[in-house]
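One structure below.
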Amino acid sequence: MIIDTEPQKNWRHLEGVPDRGGHGIKEEDLVREMTADGFEVVARHDDWAGDGDRYCVVFRRVEPAQG
């Protein structure tokens, strides 16, 4: 499970963190990166805790095909 926020331009830049237009990551970018690394989306929760900028995405590792 990952809980994050859409990029916040007014938050300070953190050293070593990729600049994606501010602190945070767009949900579609997170999903693209995680699925490229072998995970699949199990559930999505937009508007996490009543905050329109925060979201939650639940992933699970895709098991390699047997055979």
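The values are calculated or read from the model by the stated rules, or taken from the named source; none is laboratory data. Because the structure is predicted, anything quoted here is derived from the model rather than measured. Every residue, glycine as well, gets a Cβ built from its backbone with ideal geometry; the counts of neighbours run over all protein chains shown. These accessible areas exclude ligands, DNA and RNA; they are computed on the full protein's heavy atoms, side chains included. Shrake-Rupley method; radii C 1.70, N 1.55, O 1.52, S 1.80 Å.
Observations on the structure shown:
- Any hit, the stretch 53-62, residues being acidic (Asp, Glu) and at pLDDT 85 or above: no
- Within the stretch 15-29, being charged (D, E, K, R) and either assigned to a loop (DSSP other than H, G, I, E, B) or loosely packed, with under 11 Cβ neighbours inside 10 Å (or both) holds for Glu15, Asp19, Arg20, Lys26, Glu28.
- Criterion: open to solvent by 80 Å² or more (accessible area, probe 1.4 Å) and assigned to a loop (DSSP other than H, G, I, E, B) - qualifying residue of Arg60, Arg44, Arg32, Arg12: Arg12
- Near pairs, Cβ below 8 angstrom, 6+ apart or cross-chain, from the stretch 50-66 (farther than 11 Å from Glu6 by Cα) to any residue that is among the β-branched types (Val, Ile, Thr) and not in a strand (DSSP E or B): Val57/Val31
- Condition check for Ala49: at positive phi and of a type in the set (A, V, I, L, M): yes
- Whenever a residue of the stretch 5-34 is of a type in the set (Asp, Glu), its partners that are modelled with pLDDT of 75 or more and surrounded by 13 or more Cβ atoms within 10 Å (Cβ to Cβ), lying with C-beta atoms within less than 7 angstrom and at least six residues away or across chains, give the pairs Glu6/Gly24; Glu6/Lys26; Glu27/Tyr55; Glu27/Val57.
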